[in-house]
Amino acid sequence: MLNRETATFKRSYAEDMALYPLPLQRVTIAVIILVAFVAFPFVASVYMLGLANLIGIAALGAIGLNILVGSTGQISIGHGAFMSVGAYTAAVLSSRYGVPWWGAILGGGSMSALVGTFFGIPSLRIKGLYLAISTLAAQLIIEWVLNHVTWISGGVGAVIYVDKPSVFGLALKSNLAMYYFIYVFLAIGVVFALNILRTHIGRAFIAVRDRDVAAEIIGINIFRTKLTSFAISSFYAGVTGVLYTYYYGMANYEAFNLTISIQFLAMVIIGGLGSVLGSILGAIFITLLPIVLDTVLGSVGRMFMDAAAVASISTSLQLMLFGGLIMFFLVVEPDGLSKLWRNVKDYFRVWPFPYL
Amino acid sequence: MKDLGKNLLRGGTGWVALLVMFGLVLAACEKKPEEGAEVTEIVIGMQCDRSGPTQTVGPFLCDGAHDYISLFNKKKSLGDKYRIRLMEIDHGYNVPRGVEAYERFKEAGAVSISLYGTPHTYSLTPKLTEDKTLGTSPGFGNAAAADGEKFPYIFPVAATYWSQIASAVKFVLDKWSGSEKPKIAYIYYDNPAGREPLPVLRILASKEGFQLREFAVPPPGIEMRPQILDIARNYKADWVIAHLFGRAPGVSIKEFIRVGFPRDRVISLVWGASESDINVAGWDQAEGYYGLQFAGVGQDHAIIKEIKQMFADEGKEPRKTMEITVYYNRGVFIIALHARAIQIALEKHGYPITGENVRDAMESIHDFDLDGFMPPLNLSRQDHEGGGWVKVYQVKGGAWVEASDWMHGYRDVVLKHVAEAKAS
């Protein structure tokens, strides 16, 4: 059978270390890649592509945050601000110094990694809720700096317009072009995140998360591990910020406020802590849920009421349903959407012999 | 298979599937518009904030817009064959959702967009320009966008923050009768929108020679006791110009009352002067407080009476949200411009109209003021603001009462600043 470990023999080290050892997995991944890069872009409307772009960017940020929160067990409420660091770095580099997109992405990511690592230093002494508050401070400090230091933000509006990235002399203006741009980075981010969790660095993250004292005793350098996690995670955040900047065509710190930070945490928690698939599912869930609710409530409501009344009721109902559904999913499966998916997989793994 | 169903249900997946099916059934039941066969709809997209930090504005503003469009369609202003559909999406003041809302408007074929929120205006300016679709940013957003040559698709009608601050300064200096120049305090919400007027205000301070001190209120702006104490006791300001949003204006009036600062020495820009702000502080106590407006306030306007009549004809009570006339009327005003532009474009080009047609039509709007309800706008390619008109209202005897005619101050200074912003 395609989905069984039986009769899948590993004959070399390379096969043993493969990311996807089972044939079914490889087929699935191939299909996903084909759909994402060939089929979807050609059938999707401009609107669907725009939606996919927002999901793709959010997924990249969520994957990064999940490395920190899910795998290393360090909480951060400052991720929105780390994204804005990436966004402004890229905007300044590209609009003032004419740096091309790859330089802006690397620069934005690195600057964000630097800032994130700095604000990660308190994690060496404090944990949990205390660390949450300290990263909240990072959010506020960074917002204040971007708001007031006009050398960075370029004036009272704190807005820097950037040109769309141009690849091989081709400006990526349409949603379709941006789709490929974003999803290439998402693909790189996914592969990197899947692999880092299998290296000694990733194992150290997990050891620190599960019990840091024990991790220290078996020889893990906690200082280095935690800061590495902050650096990697905020590098992802920085690149996310740069992608947002390129997608919007401008950098503005108000697009990365505390609400956004919390939204990203919600994505990670609903999707499933420590899981790359979970981050993606969480990003899809949080991005699509308000839109689905809006559409469904709107179309139902218009049967009974005029547009203004529908709007005022549906927005309140949406907030309640949004909160309710998040609670529902967490109660049904506290380990998130990725665990739900794993349950389904586990069921079929032994099907039709559930007692095995 | 029986086990499969049971096991999946246990995992909660079944419930999810049920919910999804329920949603699909509901979506399928959606009522199709009956008269859709012969009447073509022209779509206006409207961003709204009914659930975010400025929900003190959204519900009133957007209801006003909806009601104007209902009236507009009922009067068959576009003839028998066309009508306007106002498509509202609430973004909760969240930028990604605002961008998504715009994409949804475009998908629905919207020919013009009513933007809401400074960060949303900034983030959609490049897209609007590229898609050749006009967006209005009434009073907020980028003041430099008043120049239609540099920002061809953004219309900051009727007054940008630069024009507002210039008018506020003119009003204050006209009122001032002291021998020396007055000491002016500027209290503002510490975000880009709050700081937008600063450059023009500083220019005016040096030009007119009045003393100016700036007091920033950090977000979320519900605590400003130290700043207001400072204004009243240390700085001893003669006049205060306030530029606050959301719940902050109500709080500020309460604090002015608490420290005993005369309310008739406070003037607020357009987002801090609605009935709800005064409700917070109490009408008696707030007596004298001034506020800038760019649409008529109160219900004593022909257009508002027509809307009320429309409700009466349908046998309905007027909407509750009509009572906050400042924002309700402002919603009527903004959408009336969109509807007028579409009307002109349709007359000139016929169906289908493009975003470019609507933009050109908007630039040609003259002498359209709904009997004094709206400012005497004169929009053009160069001036997307239409003159920067405002009207000052004052809290008097439990209502907002006119304290000036349509006015604009220091137009030369503002225009020079717009030109400088264009050059940079």
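Quick note: the coordinates plus some simple rules give every number you see, no bench work behind them. Since we're looking at a predicted model, the values are computed, not measured. Every residue, glycine among them, receives a Cβ derived from its backbone with ideal geometry; neighbour counts consider all protein chains shown.
Here the protein assembly as shown was treated as a single set of alpha-carbon atoms; its pair distances binned every 10 Å from 0 give 3, 13, 22, 24, 19, 12, 5, 2, 0, 0 percent. Cβ-Cβ distance of A:Leu317 and A:Val350, R₀ of 45 Å, FRET efficiency by 1/(1 + (r/R0)^6): the value works out to about 0.60. The stretch between A:Leu258 and A:Ser166, if pulled fully straight at 0.36 nm per residue, gains 30.0 nm over its current Cα-Cα span. B:Gly117 sits among other residues whose Cβ lies under 12 Å from its own Cβ, and their net charge, with Lys and Arg +1 and Asp and Glu -1, is -2. Positive-end ranking of B:Phe171, A:Ser71, B:Ser51 along the dipole of the protein assembly as shown, with charges on Cβ about the Cα centre, is headed by A:Ser71.
With springs only between Cα atoms under 10 Å, which of B:Pro262, B:Pro53, B:Pro219 fluctuates most in a Gaussian network model of chain B? It is B:Pro219. Of B:Asp277, B:Asp80, B:Asp67, which is the most mobile in a GNM of chain B whose springs link Cα atoms less than 10 angstrom apart? Comparing B:Asp277, B:Asp80, B:Asp67 in a Gaussian network model of chain B, the most mobile one is B:Asp80. GNM remark for chain B: springs join alpha carbons under 10 Å apart, and the peak mean-square fluctuation among B:Asp90, B:Asp147, B:Asp230 falls on B:Asp230.
Find out how many positive minus negative residues lie around B:Lys316, taking Lys and Arg as positive, Asp and Glu as negative, among other residues whose Cβ is under 14 Å from that of B:Lys316.
On the way: positive: B:Lys74, B:Lys308, B:Arg319, B:Lys320; negative: A:Asp306, B:Asp63, B:Asp67, B:Asp313, B:Glu314, B:Glu317.
My count for the surroundings of B:Lys316 gives -2.
Cross-link list B:Lys106/B:Lys150; B:Lys81/B:Lys348; B:Lys175/B:Lys416; B:Lys150/B:Lys391; A:Lys173/B:Lys106; B:Lys74/B:Lys308: which exceed 19 angstrom alpha carbon to alpha carbon? Pairs exceeding 19 Å: B:Lys106/B:Lys150; B:Lys175/B:Lys416; B:Lys150/B:Lys391. Rg and Dmax of segment A:44-350, both derived from C-alpha coordinates alone, stand at 20.0, 67 Å.
List the trypsin sites (Lys or Arg not before Pro) within segment B:195-258 that fall in a DSSP loop (any state other than H, G, I, E or B) and whose Cβ has at most 14 other Cβ atoms within 10 Å.
Within segment B:195-258, the qualifying trypsin sites (Lys or Arg not before Pro) (loop, at most 14 other Cβ atoms within 10 Å) are B:Lys236.
Summary of the geometry: segment B:286-323 and segment B:387-408, compared by the centres of their Cα atoms, lie 16 Å apart.
Answer rounded, prolate or oblate for segment B:284-413, using the Cα gyration tensor with square roots of eigenvalues a ≥ b ≥ c: rounded when a/c is under 1.5, else prolate when a/b is larger than b/c, else oblate. Here segment B:284-413 falls in the oblate category. Couplings 3J(HN,Hα) for segment A:331-337, derived from phi with the Karplus relation 6.51 cos²θ - 1.76 cosθ + 1.60 (θ = phi - 60°), are 6, 4, 8, x, 8, x, 4 Hz, where x marks Gly and Pro. Around the Cα centre of segment B:57-127, unit charges on the Cβ atoms of Lys, Arg, Asp and Glu (plus for the first two, minus for the last two) sum to a dipole of about 360 debye.
Loop-located chymotrypsin sites (Phe, Trp or Tyr not before Pro) in segment A:145-183 (DSSP state not H, G, I, E or B) with no more than 11 neighbouring Cβ atoms inside 10 Å: A:Phe168. Loop-located trypsin sites (Lys or Arg not before Pro) in segment A:94-161 (DSSP state not H, G, I, E or B) with no more than 13 neighbouring Cβ atoms inside 10 Å: A:Arg125. Short to long, the 10 Å bins of the Cα pair-distance histogram for segment A:262-346 hold 18, 41, 24, 14, 2 percent of all pairs. Taking 0.36 nm per residue of separation and subtracting the current Cα-Cα distance, fully stretching the chain between A:Glu15 and A:Tyr180 would add 56.4 nm.
Between B:Ala108 and B:Asp174, the modelled labels are 4.1 nm apart [label points 7 Å from Cα along Cα→Cβ].
A simple spin-label model places pseudo-atoms 7 Å from Cα toward Cβ; at B:Val259 and A:Arg224 they are separated by 5.6 nm.
The phi-based Karplus calculation (6.51 cos²θ - 1.76 cosθ + 1.60; θ = phi - 60°) puts the 3J(HN,Hα) values of segment B:346-354 at 5, 5, 7, 10, x, 6, x, 9, 9 Hz, whole numbers, x for Gly and Pro. To the nearest 10 degrees, how steep is helix B:58-74 against the longest Cα principal axis of chain B, on a 0 to 90 scale? Roughly 60 degrees, rounded to the nearest 10.
Distance from the Cα centroid of segment B:335-378 to that of segment A:243-300 is 37 Å (rounded to whole angstrom). Each residue, B:Lys74 and A:Arg302, gets one label point 7 Å from its Cα in the Cβ direction; the gap between the two is 2.0 nm. Computed on segment B:162-293, the Cα convex hull volume stands at 94 Å³ per residue.
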